[in-house]
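Read through the structure below, which is laid out as structure tokens, and then see the notes.
None of the figures in this text is laboratory data; all of them are computed from the coordinates on show. Quick caveat, the model's predicted, so the values are computed rather than measured. So basically every Cβ, Gly included, is an ideal-geometry build from the backbone, and we count neighbours across all protein chains shown.
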Amino acid sequence: MSAKAQGANEFRVGRVELPWSTAFSISKKNIMVRFGRAMITAAGIMLGIAFLVSVFTSKAILMGSGEPPSPEQETRQTWLIVMSLLVCSVGICNSMFMSVTERFREIGTMKCLGAVDAFVVKLFLLESGMLGLLGSLIGAIAGFLVVCVVHLLKRQLGQIASMDWAYFGMGLVEALVIGMLLSMAATIAPAVKAARLPPAAALRTDV
């Protein structure tokens, strides 16, 4: 074996690629340690999904009563949903960039201990995915309850019972998937920045 090939093998041995279960455990612990910032990130996606689910619920109620929304109403609602989700994505991206900045030393330590770039990216994507799912669940419940309260105040609770539950169920699943994927997509840039961070430079950084 040549000296170059031997050096390459030594380099691969020295790098650490941990399983998904370990990455999941570390990500969950990071969320609990930084619970305040985690809730801020989750709140951003929660508001967007709450609005999305409220629209799905209102449309399901109209469909159940035989009065589907007009094309103009659907276009306006779609535009509002897209804009609200874009705003949420910007907020999540900003929050994750701040999280990367606060964790320079932690990232540098992991990379000095042999963590590969892919593992660092995996940590941040898992963390954002869990926050996105949590925020989506809370937002979905909030959006549905708000519509229910509005109809209760109008004494139209019977319309909720007769709503198109099949459409609402599909919309609910769609909202949860959108929230989780949107949160992960907004984290790609911060995660790549964290993965490319030189270990020595991270350890010398004072935040």
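Between the range 58-94 and the range 144-183, the alpha-carbon centres lie 12 Å apart. Of all complete DSSP H helices in the chain, those with a Cα span along the helix axis of 15 Å or greater and a mean Kyte-Doolittle hydropathy of 1.0 or more are 35-64, 117-153, 165-195. Among VAL149, VAL53, VAL120, the residue with the largest mean-square fluctuation in a Gaussian network model of the chain, with springs joining Cα atoms closer than 10 Å, is VAL149. Of the labelled options (1) 15.6, 45; (2) 22.2, 82; (3) 17.6, 67, which one gives Rg and Dmax of the Cα atoms in Å as computed for this structure? So the structure-derived entry is (2). With unit charges on the beta carbon (Lys/Arg positive, Asp/Glu negative), name the residue among ILE107, ALA43, THR187 whose Cα is farthest towards the positive pole of the charge dipole of the range 29-204. Checking the options against the dipole of the range 29-204, the answer is ILE107. Close Lys pairs in the chain, defined as Cα atoms under 28 Å apart and 8 or more places apart or on different chains, number 11.
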